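Have a look at the structure below, then the notes.
The values are calculated or read from the model by the stated rules, or taken from the named source; none is laboratory data. Quantities reported herein were computed from a predicted structural model and do not represent experimental measurements. Note that we place each Cβ from the backbone using ideal geometry, even for glycine, and neighbour counts take in every protein chain shown. For accessibility, only protein heavy atoms count, side chains too; no ligands or nucleic acids. Shrake-Rupley method; radii C 1.70, N 1.55, O 1.52, S 1.80 Å.
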Amino acid sequence: MNKYYIIILAVLLFGCTEEDLPPENNEPIPEEPEVYVVPVVVHVLHSGEEIGQGSNLSEERVRRQIEILNEDFRRKEGTRGFNDHPAGADARIEFVLARQDPEGNPTSGIIRTPADLTNVPDHVPKTEVDLMANFNYWNSESYINIWSAPYDRGIANAHLGSATGPDSDLPGDDRFTKPLPGGAEGIVINRWHFGESTLEGGHNLGRTLTHEMGHYLGLLHTWGTGDCETNDYCEDTPAVDEIVTSSISFIGCAGERVMIANYMNYTHDHVMNIFTRDQIQRMRYVLETSPRRNSLLDSKGLEAP
Ligand SMILES: [Zn+2]
């Protein structure tokens, strides 16, 4: 082998530093995949206040929450949901307030229901989603149910929200929070964390719903079960073996810097701004293949009656 070939070989082997390479997963996402539009219904459960007071959230606050959800999922420029991280992308998934209810009537997609959480009949299963669904529930074939839960101030920052996960053949499926057989599915958001507010504690910019929607569409937390081996089944979210709450960058597994800005952490809302390509692939796959997710794309709730 002469000197010339050795130089070429050296360039081939060492010419690219790790920083030059694209993120680990090079699975091409088609240039402009279809935008999936999904109808949601927001059940504002309240304690009897006037509209816009206390737990009876204003229409403006609900609409702004859905707008934030779309800013984050569409990585919209000029909003907090934008990022220019090489692993980040536009999920091309959008959410609209339902325009038609299950009976075929026009709707704003915002349903207000008085709810006394201390007075739930014994036959209702004790899961959080089933408790909320007891007050109002639309079929999950056609709508994503989102409840704003009228919890007391004392629970703010202690419990933010929860979501049921999809039926899928994705790796990690066994770790989703599944609905009970025949039970309700959806997303519960503690009303203190619903939309934007002046609530102190770091969870006041509407990202609780972004995070829970990630679960509803098949994402796990970035730390998975908390070891370096089985994490979230996304190659482009650096592995980390502890719950990520920090707003300050730190090193996780394999000497990699933890992606603290990922929506699937417990970091503060102002820190979050990224879904990665692998995460987006999982969510789009769920919308394409999972029962009660795929059917959302053809829901009559998308159209005015
Ligand atoms: Zn979570």
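Using the 1.4 Å probe convention, the accessible area of the chain works out to 48 Å² per residue with neighbouring protein chains retained.
The amide H of GLY161, built 1.01 Å from its N in the peptide plane, has ASN190 as neighbours under 5 Å, considering only residues 5 or more places off or on other chains. Checking the a/c ratio against 1.5 first, then a/b against b/c, what shape does the Cα gyration tensor give for region 175-305? Oblate shape, in that a/c is at least 1.5 and b/c is the bigger or equal ratio. Here LEU180 and ASN136 are evaluated by their C-beta separation; at R0 = 25 Å the FRET efficiency comes out at 0.90.
When only alpha carbons are used to place a centre, region 144-191 and region 72-128 end up 11 Å from one another.
Under unit Cβ charges (Lys, Arg +1; Asp, Glu -1), what dipole magnitude, rounded to 20 debye, does the chain have relative to its Cα centre?
Numbers: 24 positive and 48 negative charges, 96 e Å.
Dipole size: approximately 460 debye.
Counting only DSSP H runs of at least 4 residues, each contributing -39500 (n - 2.57), and dividing by the residue count of the chain, the helix-based mean residue ellipticity at 222 nm comes to -5500 deg cm²/dmol.
Computed from label points 7 Å out along Cα-Cβ, the spacing between SER249 and GLU50 is 4.9 nm.
Amide H contacts of VAL37 (H built 1.01 Å from N, in plane; Pro and chain starts excluded): GLU94 sit under 5 Å, all sequence-distant by 5 or more or on other chains. The charge dipole of region 62-149, taken about the Cα centre with unit charges on the Cβ atoms of Lys, Arg (+1) and Asp, Glu (-1), comes to about 300 debye, rounded to the nearest 20.
Taking a ≥ b ≥ c as the square roots of the eigenvalues of the alpha carbon gyration tensor, region 138-178 is oblate, as a/c is not under 1.5 and a/b does not beat b/c.
The 3J(HN,Hα) values that the Karplus relation (6.51, -1.76, 1.60; θ = phi - 60°) gives for region 290-299 are, in residue order, 8, x, 6, 10, 4, 5, 5, 5, 10, 5 Hz. Gly and Pro appear as x. The GluC sites (Glu not before Pro) of region 112-185 meeting both criteria, a DSSP state outside H, G, I, E and B (loop) and at most 16 other C-beta atoms within 10 angstrom of the site's C-beta, are GLU141.
Placing unit charges on the Cβ atoms of the charged side chains and taking the dipole of region 151-305 about its Cα centre, the candidate lying farthest along the positive direction among GLY218, ASN273, GLY206 is GLY206. Per residue, the average separation of C-alpha pairs within less than 8 Å and at least 6 apart gives region 103-176 a relative contact order of 23 percent. Average 1/r across all pairs of distinct alpha carbons in the chain, invert it, and you get the Kirkwood radius: 20.5 Å.
The 3J(HN,Hα) values that the Karplus relation (6.51, -1.76, 1.60; θ = phi - 60°) gives for region 139-150 are, in residue order, 4, 7, 4, 10, 9, 8, 7, 10, 10, 8, 8, x Hz. Gly and Pro appear as x.
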